[in-house]
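Contents: one structure, followed by commentary.
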Amino acid sequence: MTKHDSVVYLRVMLDIAREVRSLTTGRANENIASHDLLGMAVAGGLVHMGVTAVRVSTDWRNCIPRMDWMEIVDLGRHLIHDYDAIDIDRVIVAVGRLPVMVEALEEALASLPESAPATSTAILPQ
């Protein structure tokens, strides 16, 4: 994996985290757990973040220690593979950590030169 790829993946993660945060801001945890469409959207975003986090290089992960990389990856895997027994408490905790994740990603990406590649959507490059 190249530095370029990790930067794109970090930007994808930031896009997703912002979207999930906007969906959940001002909503009670019970609403997230009980509203099927909202719950699916949040779970889908967290899965996408987990899949994307796997692709971020170890060097980049080490540069952003405020993010619990293993928890992000593990939660994504849990949501994919244990769909019939989802631990909603883990989802709620992850949603609660989104502001810190957004801030950490914004800080890391702000330190990059202007010429770094950008992405405007949450679609992963091939």
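What follows draws every value from the coordinates through simple rules; no lab data is involved. Keep in mind it's a predicted model, so treat the numbers as computed, not measured. FYI the Cβ positions are ideal-geometry reconstructions off the backbone, even for glycines, and counts take in every protein chain you see.
Observations on the model:
- 3J(HN,Hα) from dihedral phi, region 25-33, Karplus parametrisation 6.51/-1.76/1.60, rounded to Hz, x for glycine, proline: 4, x, 9, 6, 4, 5, 5, 5, 6
- Protection proxy ranking, highest mean first, for peptides 46-57, 15-26: 46-57, 15-26, where packing is the per-residue count of other beta-carbon atoms within 10 Å, averaged.
- For region 48-61, Karplus couplings with θ = phi - 60° (6.51, -1.76, 1.60), whole Hz, Gly/Pro x: 4, 5, x, 5, 6, 4, 4, 7, 6, 5, 4, 4, 5, 4
- Put in order of Cβ neighbour count within 10 Å, fewest first, the listed residues Ile92, Ile32 become Ile92, Ile32.
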